[in-house]
Amino acid sequence: MSKIMGNKTVLVIGGGNYGTKACRYFKEQKARVILVDNDPECKAKALVAKNDFVLKDARSAWDLALKLKPDFIVPTNAGHTCGKWIREYFRLKPLSDSISDVTRRLPQSLFLGFDEPNAALIFSYMTRGKLCREDCPHPPTECALTREPRPAPLYKLLEYGVFELFDCAKIFVSEQMAPSVGAIKTSEFLAFVKEIETKKPKTLAVGTACRCHGILNLFKN
């Protein structure tokens, strides 16, 4: 793995517990790690080079993805990083009216709740009230904790949930690199930004999901 990651750059958003795990993992894989946090004393800071720590609020860190073009983005802060970045960059508004259009397409057992003012929806395969294993290996067909079946990755279900309902839609896949460490390919984020700039859509859906958990934002111009 070291030979594969040695020429890669990773942008880690958030320097708390999960950010620390991400920084440690990618440093072990010999990747360059750039850490963003608004706390100059955050836990993960000690794991990165001095010049690779950026004191910045995560919500406004989208410019780093556009400027630095890292290979991977690792969002570990609360909320939906990609959704917030797209909203900030294009100055979008929430599209709460379309929440029911999406949720009626998906099993209600997956729907954990929503933030209507921000048109944000949260989904999960995990049984309500239970917590995932921190060392979860993400088996493809069942939950490592409950052994309940997982017939399809959640990111695929969310793709169906937004299919042809919006002028532009993208579900970013958070690929498990290690337990509790998920990464998004920056090339996919930049390609979606370009798509929005080209199409100038009136409505958008932006989500991030792994096999078992996901969050979705609905926007309008």
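Key figures for this structure:
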quantity	calculated
Selection count where residues are more than 24 Å from K194 (Cα to Cα) and either surrounded by fewer than 18 Cβ atoms within 10 Å (Cβ to Cβ) or modelled with pLDDT under 90 (or both), scope the range 74-98	4
Count - residues of the range 104-114 that are surrounded by 15 or more Cβ atoms within 10 Å (Cβ to Cβ) and touching a residue at least 24 places away in the same chain (Cβ under 8 Å)	2
Residue within the range 54-73 that is buried (at least 18 other Cβ atoms within 10 Å of the Cβ), within 21 Å of F172 (Cβ to Cβ), polar (S, T, N, Q) and modelled with pLDDT under 95 present	no
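The values are calculated or read from the model by the stated rules, or taken from the named source; none is laboratory data. On a predicted model such as this, the values are computed, not experimentally measured, just so you know. Every residue, glycine among them, receives a Cβ derived from its backbone with ideal geometry; neighbour counts consider all protein chains shown.
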